[in-house]
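All remarks here apply to the structure that follows.
The values are calculated or read from the model by the stated rules, or taken from the named source; none is laboratory data. Values in this document were obtained by computation on a predicted structure and should not be read as measured data. Note: ideal-geometry Cβ built from the backbone for every residue, glycine included; neighbour counts use all protein chains shown.
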Amino acid sequence: MFTILTVILISASVSECLLPREYRAQKFKENCVSYGFVIGTTEFAQCMQTENANWGAASQQNMQNLQNTLKNEADRRQAQTDKLNNQNRQVNCTTRYYGNTARTTCN
């Protein structure tokens, strides 16, 4: 499950990061035109800059989310490994008797 999810997340993040500039510029242009900005105006240029900045912020957030997901999964797996190692660990105990009492120590 984790492997499939990881591959999907990585693929989505990488494909978004590797979109050609021309493709992104075309999408930004389409967005700005759909917002009502006229190509060649200062407002249109500002819209394009805003679209680009928003894309960059979204890409960074996606990458941060991916890194957090991978770290959380690595931590979870390490905890499972530690738990299994502790369950399978051999325990050595020594019991000493003092009159009517016994003292057992284990390591």
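Key figures
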quantity: Selection within the range 16-62 - part of a helix (DSSP H, G or I) and small (Gly, Ala, Ser); calculated: Ala25, Ser34, Ala45, Ala53, Gly56, Ala57, Ala58, Ser59
quantity: Qualifying residue in the range 1-11 (condition: at pLDDT below 55, more than 15 Å from the chain's Cα centre (by Cα) and not aliphatic (A, V, I, L, M)); calculated: no
quantity: The range 77-92 residues that are within 15 Å of Asn107 (Cα to Cα), paired with ones that are modelled with pLDDT under 80 and in a loop (DSSP other than H, G, I, E, B) (beta carbon under 9 Å, 6 or more apart); calculated: Val91/Asn107; Asn92/Asn107
